[in-house]
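Structure first, then comments.
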Number of protein chains: 2
Amino acid sequence: MRHLLANSDAEIAPVFDSMSYSVFAGGKRIRPYLTLEFARILGAKDEAALSFAAAVEFIHTYSLIHDDLPCMDNDDFRRGKPTNHKVYGEAVATLAGDALLTLAFEAIAASGADAEQIRDAVLTLSRAAGAVGMIGGQIIDMSSEGKQISFETLTHLHQKKTGALIRAAAELGCIAAGASADIRSRAVEYAEKIGYAFQIIDDILDRTGDFSTLGKSIGSDLENGKTTFLSFMSIDEARKTAERITGEAVMAVGNMPDCESLCELAKYLLARNK
Amino acid sequence: MRHLLANSDAEIAPVFDSMSYSVFAGGKRIRPYLTLEFARILGAKDEAALSFAAAVEFIHTYSLIHDDLPCMDNDDFRRGKPTNHKVYGEAVATLAGDALLTLAFEAIAASGADAEQIRDAVLTLSRAAGAVGMIGGQIIDMSSEGKQISFETLTHLHQKKTGALIRAAAELGCIAAGASADIRSRAVEYAEKIGYAFQIIDDILDRTGDFSTLGKSIGSDLENGKTTFLSFMSIDEARKTAERITGEAVMAVGNMPDCESLCELAKYLLARNK
């Protein structure tokens, strides 16, 4: 990813510094890992898959920078480090987010993949990241603040807010490899299920984790009166649901060749403590 | 453009309302006009050119929404109407900007143009809009605040902040039409020159225009101690420079067939009072 963030022009250095700060602030890299693993298993060219994976991570990173802004979630810490606007100021953080969002599409277009694959990847990623996808999820999340929402709305929220991009990450791996529609639909099923389980575990960790491991505040959901999966079930029931869904995710890709890494990822996400 | 902003999901309606508010708030539509006119003159398919033009206008609109935010220019009015965040709040305005930026690339990918044209258009637009283009210009603008900058930096700033997208608008028309490299380089020359003249006129209007015509505050550059072209020349000299550059722009496209509309646009931008 580093060459996409290289810049030798001192005048515009602040925005590149701000972009790099958040891109290289750690994180689990689940989304680019998904893109790269599906691409590898299905036999894609390396260079294109790397660019697609970078694009997905840029979208994820921009969304975190903007979500943390004072006018949104107003968070001071992310992954145990000060949030982007705490270091670079709100204006540069806003622009760095915009620039990463834009760079995602540049990375795809400059990937060296076939033009048809690029078209498919841009369409898939833009729909997943846009107003009917990730941004729509954020809108539902904001309008749900401070009020009890239904289980259906909660599921809908997460499918958009985090699910859409996780799903697109898997799809971009399939696109880079020129996979069949059948393979792609199984990748989508896997991604949707691990995304669902991921969110349930997130809600559990917000209740049971600790700051030093998670790198963010604990109990904020309860404090903010937020509806989570734990508004509808006990921690034990939630964990069992996540286990069942993870099992279904593993089954969806179980007969792909060399799929152990995807199975391991699903189990890692289930067992994670941060 | 309207079908790209259609939405039937009530849960995410706020972001679509906010996007539509700014897209349909008027404005001169110079950028999409450029895309459509180059496409028409050079013989492009209508549908693809319309999508490319919409994409350019979405990028322009998102940049205005984010520029107006309190953490950036903190403007209350734009085109004589309250700015987006004044109507929808900062959070929704930020997300509406993000969504329009994302939608620009969806519009290109879903345009029905050939895959090679889509790749070229995504690459051209993302570079023009990104950290080395429009966003870089905004960064230079911010870091120049309250201090005298050189004529070279000022030119550099405008080439990026407004010039890059105007240039991309012309290029996207050429791409939609499958124009030759020679035609495209003349379109670029035309666009760069009208962009340059546009900015000089902008600086003159900030000094000499009035609120009711412009729909925004007057004299703000002087008030903010901002370096403009009028920091280096008189109003009269600035107007003569704009006239000369406009003449060069007209010459760049003068031997394209059916180029009257482009010549008219250049002259209209020179003579405008808003």
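The values are calculated or read from the model by the stated rules, or taken from the named source; none is laboratory data. Bear in mind the structure is a predicted one, so any value in this text is a computation, not a measurement. Because the Cβ atoms are built from the backbone with ideal geometry, glycine has one as well, and the counts that use them run over all protein chains shown. When the accessible area is computed, the model is the full protein with side chains, heavy atoms only, and any ligands, DNA or RNA have been set aside. Shrake-Rupley method; radii C 1.70, N 1.55, O 1.52, S 1.80 Å.
Less than 29 Å apart at the alpha-carbon level, and either on another chain or at least 8 residues along: which lysines does that give for A:Lys240?
By straight Cα distance, A:Lys240 reaches A:Lys28, A:Lys147, A:Lys160, A:Lys161, A:Lys193, A:Lys216, A:Lys226, A:Lys267, A:Lys274.
So how far apart, in nm, are the two label points at B:Ser234 and B:Glu260 if each is 7 Å from Cα heading toward Cβ?
Label-label distance for B:Ser234 and B:Glu260, simple model: 3.8 nm.
With respect to the symmetry axis carrying chain B onto chain A, which residue of chain B exhibits the smallest Cβ distance to that axis, and what is the value in whole Å?
B:Ala115, 2
Residues of A:106-118, mean number of Cβ from any other protein chain within 10 Å of their own Cβ, rounded to a whole number? Each step should come with its number before you reach the end.
Values: counts 11, 1, 6, 13, 5, 1, 0, 1, 3, 7, 5, 2, 8.
If you average over the peptide's residues, the count of other-chain Cβ atoms is 5.
So for chain B, averaging the separation of alpha carbon pairs under 8 Å that are six or more residues apart and normalising by length, what relative contact order in percent results? Before the final figure, lay out the partial values.
Details: 393 pairs, mean separation 56.8, N = 274.
That works out to 21 percent.
Keeping all protein chains in place, calculate the accessible area per residue for chain B (probe 1.4 angstrom), answer in Å². Mind showing how you got there, number by number?
Values: 10810 Å² over 274 residues.
Heavy-atom SASA per residue in chain B reads 39 Å².
Note down the nm distance, to one decimal, between modelled labels 7 Å out along Cα→Cβ at A:Arg29 and at B:Arg272.
Spacing of the two 7 Å Cα→Cβ label points: 4.7 nm.
Which residues, if any, in segment B:4-22 have at least 50 Å² less accessible area in the whole protein complex than in the isolated chain, probe 1.4 Å?
Checking the loss per residue gives B:Glu11, B:Ile12.
Interface size between chain B and chain A, please: total buried accessible area, 1.4 Å probe, rounded to the nearest 100 Å².
Working: alone 12800 and 12820 Å², together 21620 Å².
The summed interface area works out to 4000 Å².
With θ set to phi - 60° and the Karplus curve 6.51 cos²θ - 1.76 cosθ + 1.60, what are the ³J(HN,Hα) couplings of segment B:58-74 in order, to the nearest whole Hz, using x for Gly and Pro?
4, 5, 4, 5, 4, 5, 5, 4, 5, 4, 7, 4, x, 6, 10, 7, 6
Of A:Ala53, A:Leu125, A:Tyr88, whose Cα points farthest to the positive end of the dipole of segment A:21-130 (charges on the beta-carbon: +1 Lys, Arg; -1 Asp, Glu; origin at the Cα centre)?
Final value for the positive-end residue is A:Ala53.
Can you give the net charge of the other residues whose Cβ lies under 10 Å from the Cβ of B:Arg119, counting K and R as +1 and D and E as -1? Write down the numbers at each step before the final one.
On the way: positive: A:Arg119; negative: A:Asp114, A:Glu116, B:Asp114, B:Glu116, B:Asp120.
Surrounding charge for B:Arg119 is -4.
Taking beta carbons within 10 Å but only from partner chains, what does the mean come to for residues A:88-94? Write down the numbers at each step before the final one.
Numbers: counts 0, 2, 4, 10, 6, 1, 10.
Taking the mean over all residues of the peptide, I get 5.
For the pair A:Met142/A:Lys86, report the inter-label distance in nm, with labels modelled 7 Å from Cα in the Cβ direction.
2.2
How big is the Cα convex hull of segment A:10-271 in projection, averaged over all directions, in nm²? Please list the in-between numbers first.
Numbers: hull surface 54.6 nm².
The directionally averaged projection comes out at 13.6 nm².
So what is the diffusion coefficient of segment B:56-187 in µm² per second by Stokes-Einstein at 4 °C and 1.567 mPa s, using a Kirkwood Rh over Cα pairs?
Values: Rh = 16.0 Å.
Diffusion coefficient, whole number: 81 µm²/s.
Which one of B:Met233, B:Pro257, B:Ser150 has its Cα pushed farthest toward the positive end of the charge dipole of segment B:150-274, where Lys and Arg give +1 and Asp and Glu give -1 at the Cβ?
B:Ser150
Tell me, what is the FRET efficiency for A:Phe77 and B:Asp9 to the nearest 0.05, using R0 = 35 angstrom and their Cβ-Cβ distance as r? Spell out each step's value before the answer.
Details: r = 33 Å, r/R0 = 0.94.
After rounding to 0.05, the efficiency reads 0.60.
Please grab the % of Cα pairs in segment A:36-92 that end up more than 16 Å from each other. Walk me through the numbers before you get to the answer.
Working: 841 of 1596 pairs.
That fraction is 53 percent.
Starting from a label point 7 Å past Cα on the Cβ side, list the distances from B:Met251 to the same position in the other copies, nm, shortest first.
7.4
In whole percent, what relative contact order does segment B:128-274 give with Cα contacts below 8 Å and a gap of six or more residues?
Details: 171 pairs, mean separation 37.3, N = 147.
25 percent.
Quick one: 3J(HN,Hα) in Hz for segment B:237-249, Karplus 6.51/-1.76/1.60 with θ = phi - 60°, rounded, Gly and Pro as x.
4, 5, 5, 5, 4, 4, 5, 4, 5, 4, x, 5, 4
Distances from B:Glu264 to the same residue in each other copy, label points 7 Å out along Cα→Cβ, in nm, shortest first?
Counterpart label points of B:Glu264 in the remaining copies fall at 6.6 nm.
Mean residue ellipticity at 222 nm from the helices of chain B, using -39,500 (n - 2.57) per DSSP H segment of n ≥ 4 over the full residue count, to the nearest 500 deg cm²/dmol? Provide the component values of the computation, followed by the final result.
Values: 14 runs with 184 residues, N = 274.
The per-residue figure over chain B is -21500 deg cm²/dmol.
Could the peptides A:222-232, B:83-93 be put in order, highest first, of the mean number of other beta-carbon atoms found within 10 Å of their residues? List each step's numbers first, then the result.
Working: A:222-232: 15.7, B:83-93: 21.2.
Ranked from most to least packed, the peptides come out as B:83-93, A:222-232.
If you take every residue apart from B:Ile30 with its C-beta less than 11 Å away from the C-beta of B:Ile30, what net charge results, scoring Lys and Arg +1 and Asp and Glu -1? All intermediate terms of the calculation are to be shown ahead of the outcome.
Working: positive: B:Lys28, B:Arg29, B:Arg31, B:Arg272; negative: B:Glu37, B:Glu57.
Net of charged neighbours comes to +2.
Hey, can you grab everything whose amide H is under 5 Å from the amide H of B:Phe77? Only 5+ residues off in sequence or another chain; H modelled, so Pro and N-termini drop out.
Here the answer is B:Thr83, since their amide H atoms fall under 5 Å of that of B:Phe77.
Expressed as a whole percentage, what fraction of the accessible surface of chain A belongs to carbon and sulfur atoms when a 1.4 Å probe is rolled over the protein heavy atoms? Spell out each step's value before the answer.
On the way: 5440 of 10810 Å².
It is 50 percent, rounded to a whole number.
Using θ = phi - 60° and the Karplus form 6.51 cos²θ - 1.76 cosθ + 1.60, what ³J(HN,Hα) does each residue of segment B:259-273 get, whole Hz, x for Gly and Pro?
Computed from phi, the couplings for segment B:259-273 are 8, 4, 4, 5, 5, 4, 4, 4, 6, 4, 5, 5, 8, 4, 10 Hz.
Quick one: Debye curve from the C-alpha atoms of the protein assembly as shown, no solvent, what's log10 I(q)/I(0) at q = 0.06, 0.07 Å⁻¹?
For the protein assembly as shown at q = 0.06, 0.07 Å⁻¹, log10 I(q)/I(0) is -0.30, -0.41.
Under a Cβ-Cβ cut-off of 12 Å, what is the net charge of the residues other than B:Leu165 that fall near it, where Lys and Arg count +1 and Asp and Glu count -1? Could the numbers behind the result be given before it?
On the way: positive: B:Arg31, B:Arg127, B:Lys160, B:Lys161, B:Arg167; negative: B:Glu57, B:Glu171, B:Glu192.
Around B:Leu165, the surrounding residues sum to +2.
Just how large is the dipole of segment B:12-271 about the Cα centre, in debye to the nearest 20, putting +1 at every Lys and Arg Cβ and -1 at every Asp and Glu Cβ? The partial results should precede the final answer.
Details: 25 positive and 36 negative charges, 29 e Å.
That gives a dipole near 140 debye.
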